[in-house]
Amino acid sequence: MWIEAVLKCDVDHTPYRVYINDELITERFYIMAHNTVSNNLVVELEDSPAYDVRVESLTDTIVSLSDYSVKEKLK
């Protein structure tokens, strides 16, 4: 399955981690540069009855999960 997580933050270069089903998937910096297409995470994972997507900011600045979708195929 393909999972796309849409992330939001108001501060550039904020470090964060994304967990799916309690497994660390990535650690990144939120980027607000003009040449950045998006801060969305797209990842392919094994099928699961459910997916628990969680974002953890590594500072006091909030990085939030705006939305996520699960698809069988990536378009």
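Since every read-out is calculated from the coordinates, none of them should be taken as a lab result. Predicted model only: the values in this text are computed from it and were never measured. Cβ atoms come from the backbone with ideal geometry, glycine included; neighbour counts cover every protein chain shown.
Taking amide H atoms as placed 1.01 Å from N in the peptide plane, the amide H of THR14 lies under 5 Å from those of TYR30, each 5 or more residues away in sequence or on another chain. Residues whose amide H comes within less than 5 Å of that of TYR68, counting only those at least five positions distant or on another chain, are VAL6 (H built at 1.01 Å from N in the peptide plane). If R0 is taken as 30 Å, the Cβ-Cβ distance between TYR51 and ILE31 corresponds to a FRET efficiency of 0.75. Sparsely packed loop sites in the chain (the GluC sites (Glu not before Pro) outside DSSP H, G, I, E and B with at most 16 other Cβ atoms within 10 Å) comprise GLU46, GLU72. Counting only Cβ charges, +1 for Lys and Arg and -1 for Asp and Glu, the dipole size of the chain around its Cα centre is about 280 debye. Across all directions, the shadow cast by the convex hull of the chain built on its C-alpha atoms averages 5.1 square nanometres. Quick check: net charge around TYR19, other residues with Cβ under 13 Å of its Cβ, Lys/Arg +1 and Asp/Glu -1? Computed value for this residue: -2.
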